[in-house]
Amino acid sequence: MNIVMLGAPGAGKGTQADLLSEELGCSHIASGDLFRQNLEKKTELGILAQAYMQKGELVPDEVTIKMILERLTASDCDASCLLDGFPRTLGQARVLDEAFAAQGKSVDIAIYINVPSESLVKRLGGRWVCRNCQAVYHITASPPKVKGKCDRCGGELYQRPDDKEDTIRERLKVFFEQTSPIIDYYREQGKLVEVDGDRDIEEIKKDLLSILSEKQ
Ligand code: AP5
Ligand code: MG
Ligand code: ZN
């Protein structure tokens, strides 16, 4: 099964994708994480993406599409995958459909995690991320066991540079202008499932697992 996670910045795409991929045993492909990993390694792609990410803008479609389609050719994506943060424009959504169709696959379900803007800003302001494995924490909603250290790998936790107030506002604007049209794109194909994301992390996870098991 191929799953697309949709939602505004801070909606919990990464948090839920991590939990679901563990439960379902499928790969979690996060476009933002791939850009950040490239930046850590100072690759050309990472440096190019940084210029857009730090302003809260989208990285150009051709760059993002190439990176994701390459990632999807890896064998861990043969049977199923969970896409987080991609697609984010109608252009990306259409190319993904074409690429999947060429392999006899399709997007089976698009999950839209809906969270009101006030909660999004609070969440992003309190987020800490592992520099090594990209695991996501929150100072109150999901704190690490040891302050500043990743539970999973012991890596150092940091605050994303795009989690500053001005950049958060720009990211939200970009989401409503450029990404929200793909919610309707998947709705029209009968693939959209909308969940209330303004609840406990565990409650949302349970809900998503039951939705996915019905779909399988
Ligand atoms: P990306 O990394 O994808 O960032 P984003 O979409 O802005 O989303 P976030 O990662 O900020 O939020 P999330 O929904 O994953 O929330 P999380 O689970 O962390 O993209 C970054 C940048 O890369 C973009 O701005 C763009 O420049 C570029 N980019 C990426 N993909 C691209 C594409 N396809 N095309 C072009 N450019 C692209 O949760 C947030 C916080 O809330 C955490 O602290 C978490 O612990 C907490 N939390 C989660 N769930 C709950 C809950 N239920 N209750 C309370 N707290 C919660
Ligand atoms: Mg994320
Ligand atoms: Zn880690």
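Report the accessible area of residue 36, computed with a 1.4 Å probe over the heavy atoms of all protein chains in place, in Å² rounded to the nearest 10.
For residue 36, the solvent-accessible surface is approximately 40 Å².
Lys/Arg Cβ at +1, Asp/Glu Cβ at -1, dipole of the chain taken about the Cα centre: which of 154, 180, 5 is farthest positive-ward?
With unit charges placed on the Cβ atoms, the residue in question is 154.
For the chain, with a Gaussian network of springs between Cα atoms less than 10 Å apart, report the residue from 100, 35, 86 with the top mean-square fluctuation.
100
With the cut-off at 1.5 for a/c, could you classify the chain from its C-alpha gyration tensor as rounded, prolate or oblate?
Because its axes are fairly even, with a/c under 1.5, the chain counts as rounded.
The values are calculated or read from the model by the stated rules, or taken from the named source; none is laboratory data. Keep in mind that what you see is a predicted model, and the values were worked out from it rather than measured. Positions of Cβ are backbone-derived with ideal geometry, glycine not excepted, and every protein chain shown enters the neighbour counts. Only protein heavy atoms, including side chains, enter the accessible area calculation; ligands, DNA and RNA are left aside. Shrake-Rupley method; radii C 1.70, N 1.55, O 1.52, S 1.80 Å.
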